[in-house]
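Q: Encoded as structure tokens, here's the structure I'll be asking about.
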Amino acid sequence: MSPFVARQGQVAYGIPIGLLMLDCKIPFVPGDVGNASSYKYPVIFETVRGASVDAVVNRGDDSLTAEVIRAAEHLVGQGVRAISSDCGYLGRYQSILADRLPVPVFVSSLLQVPMIRQMIGHSRTLGILCANSDGVNQALLESVGIAGFDGLAFRGLKDKKHFHDVMFEECEDLDQQRMEGEVVDAALEIRNQHPNLGAYLLECSDLPPYGHAIQAATGLPVFDWIGFIDYVHHAVVRHPYLGTY
């Protein structure tokens, strides 16, 4: 039998990573999870209808469950081999999707926390930059396999004016230099409050473009969502090693 068989409803082939997207109007610059040029392989995006920043990040609206499942199942129907998202607060649906779908699911970058903590040692603090720290609660942490807040320093960016205007008010205009300054300032605030800081995790999918600036300012390891997606892509699309011996 030929390995190439048409699948009903699939409009493209060879796209390994599918991304669930919030229903919002935000400019996604290179390096952002929502910018296709951030990847060295094809990706496909699917909007979760009604999943506004306010509904997901601020209110944790559980009425979106059916729409999240619909969007994820549509991505599976397009042949993806793994599914991620552009919002860590969708982590509340992690178990529901992982149990339901036939492909690996990693809809929150917070899934990396247990691994990073093992890497830096439990005597060091992990600084986590997120959109809204008020939206991070015990239920969300448990849904992505994190036992509690011990050893974690969350710093939300909602109080940073430009970040707030772009991400929460959807003002449509993003000044990268200004955004970078706000993100680095927040990272430095964590370091000043936690001298034993061992690493950063950029929870927010809009922050990877500024990871290099954080590292330049602090000298610490910076984990983000693009690196996480690259990691999973390496697992689901393997290539033979080539070279000489």
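Q: Yes or no: region 93-106 includes at least one residue that is over 25 Å from Met167 (Cα atoms), modelled with pLDDT of 95 or more and touching a Pro at 6+ places or on another chain (Cβ under 9 Å).
A: Checked region 93-106: at least one residue is over 25 Å from Met167 (Cα atoms), modelled with pLDDT of 95 or more and touching a Pro at 6+ places or on another chain (Cβ under 9 Å).
Q: Then there's this: Being of a type outside the set (Val, Ile, Thr) and exposed (fewer than 10 other Cβ atoms within 10 Å of the Cβ) is true for just one of Gly50, Gly18, Gly9, Gly31. Which residue is that?
A: Just a single option satisfies the conditions, and that option is Gly9.
Q: Of the residues that sit in region 170-214 and are of a type outside the set (Gly, Ala, Ser) and without any contact (Cβ under 8 Å) to a residue 12 or more places away in the chain, which one is farthest from Gly34 (Cα to Cα)?
A: So the residue we want is Pro195.
Q: Filter region 180-195 down to the residues that are acidic (Asp, Glu) and touching a strand residue (DSSP E or B) at 6+ places or on another chain (Cβ under 7 Å) and list them by number.
A: Scanning region 180-195 gives a single hit, Glu189.
Q: I would also like to ask the following. How many of the residues in region 70-86 are buried (at least 22 other Cβ atoms within 10 Å of the Cβ) and in contact with a helix residue (DSSP H, G or I) (Cβ under 6 Å, 6 or more places away or on another chain)?
A: The number of residues fulfilling the criteria is 3.
This table checks each residue for (1) touching a His at 6+ places or on another chain (Cβ under 9 Å); (2) of a type in the set (Val, Ile, Thr); (3) modelled with pLDDT under 95.
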site	(1), (2), (3)
Val5	no, yes, yes
Ala36	no, no, no
Lys40	yes, no, no
Ile44	no, yes, no
Ala51	no, no, yes
Ala55	no, no, yes
Asp61	no, no, yes
Ala72	no, no, no
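Q: May I pose another question? Which residues, counting only those in region 188-245, are hydroxyl-bearing (Ser, Thr, Tyr) and crowded, with 17+ Cβ neighbours inside 10 Å?
A: Tyr200, Ser205, Tyr210, Thr218 - these are the residues of region 188-245 that are hydroxyl-bearing (Ser, Thr, Tyr) and crowded, with 17+ Cβ neighbours inside 10 Å.
Q: Can you say whether Leu126 is within 30 Å of Asp159 (Cβ to Cβ), modelled with pLDDT of 95 or more and assigned by TED's automatic domain parsing to the domain that holds Arg191, as far as the supplied structure shows?
A: Spelling it out, Leu126 is indeed within 30 Å of Asp159 (Cβ to Cβ), modelled with pLDDT of 95 or more and assigned by TED's automatic domain parsing to the domain that holds Arg191.
Q: Now a separate question. Return the residue satisfying two criteria in turn: it lies in region 109-144 and is among the small types (Gly, Ala, Ser) and touching a residue at least 40 places away in the same chain (Cβ under 8 Å), and of such residues it is farthest from Val76 (Cα to Cα).
A: Only one residue tops the list, namely Ser123.
Q: Please work out which residue is modelled with the lowest pLDDT, limiting yourself to region 74-92 and to residues that are small (Gly, Ala, Ser) and on the phi < 0 side of the Ramachandran plot.
A: Gly88
Q: Does at least one position in region 18-38 carry a residue that is in a helix (DSSP H, G or I), more than 22 Å from Met179 (Cα to Cα) and among the hydroxyl-bearing types (Ser, Thr, Tyr)?
A: Checked region 18-38: no residue is in a helix (DSSP H, G or I), more than 22 Å from Met179 (Cα to Cα) and among the hydroxyl-bearing types (Ser, Thr, Tyr).
Q: Might you check whether a residue that is of a type in the set (A, V, I, L, M, F, W, C), surrounded by fewer than 24 Cβ atoms within 10 Å (Cβ to Cβ) and not in a helix (DSSP H, G or I) occurs anywhere in region 95-103?
A: Yes, region 95-103 contains a residue that is of a type in the set (A, V, I, L, M, F, W, C), surrounded by fewer than 24 Cβ atoms within 10 Å (Cβ to Cβ) and not in a helix (DSSP H, G or I).
The values are calculated or read from the model by the stated rules, or taken from the named source; none is laboratory data. Small disclaimer: the values here were computed from a predicted structure and weren't measured. Here the Cβ is made from the backbone with ideal geometry for all residues, glycine too, and neighbour counts use every protein chain on show.
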